[in-house]
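A.B. asks: Supplied in structure tokens, the structure appears directly below.
The values are calculated or read from the model by the stated rules, or taken from the named source; none is laboratory data. In this text, all values refer to a predicted model and were calculated from it rather than measured experimentally. Using ideal geometry, Cβ is built from the backbone for each residue, glycine included, and neighbour counts are taken over all protein chains shown.
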Amino acid sequence: MTNKDDLSGKMDASAHILPIRVYYEDTDFSGLVYHATYLRWCERGRTEFVRHLGLNQKELYEQDSLQDQRFFVVRKMQLDYLKPALMDDVIDVVTKVKEIGAATVVLSQEIQRDSEALFRAEVMIVLMSAQGRPVRLSDAMKGAFLPEG
């Protein structure tokens, strides 16, 4: 039986690392990884990073009161495609906190093959209410995003 923790990557110093194998379905007609696939991988990396921090996104959203429901949304992304990933590559999605604001967290993400950068993204996520308004991060949530040490 698979250990669920094995599926979510690991923390290494101040970064979260999620290993992923490139499959045929990730590529386009040229055999290179399709550009939107990098965004899916970054989403997985962010989701597993937040899970490692102990912030359960499903629990944030499934509050008893509509007033208490919260969720993270992507506000802004800056992308840089450096080199292509290829089928059967094993890549790492590396996610780090770059900046914490009142209701936002800016994450630096890099997709690497053998420690070589293939793709970089800077992603701003915002904590939102069910009413569609930004919500201030609690001190506990800010503390979870801060690197240990």
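A.B. asks: If I filter the stretch 8-33 down to residues being loosely packed, with under 11 Cβ neighbours inside 10 Å and not in a strand (DSSP E or B), which single residue comes out as modelled with the lowest pLDDT?
C.D. replies: The qualifying residue modelled with the lowest pLDDT is A13.
A.B. asks: Which residue out of E43, E99 is modelled with pLDDT of 95 or more and under 11 Å from the mean Cα position of the chain (by Cα)?
C.D. replies: Just a single option satisfies the conditions, and that option is E43.
A.B. asks: Then there is this: Does L127 meet the test of being outside any loop (DSSP other than H, G, I, E, B) and out of contact with any Gly (no Cβ under 9 Å at 6 or more places or on another chain)? Give the derivation first.
C.D. replies: On the way: outside any loop (DSSP other than H, G, I, E, B): yes; out of contact with any Gly (no Cβ under 9 Å at 6 or more places or on another chain): yes.
Considered against the rule, which asks whether it is outside any loop (DSSP other than H, G, I, E, B) and out of contact with any Gly (no Cβ under 9 Å at 6 or more places or on another chain), L127 comes out as yes.
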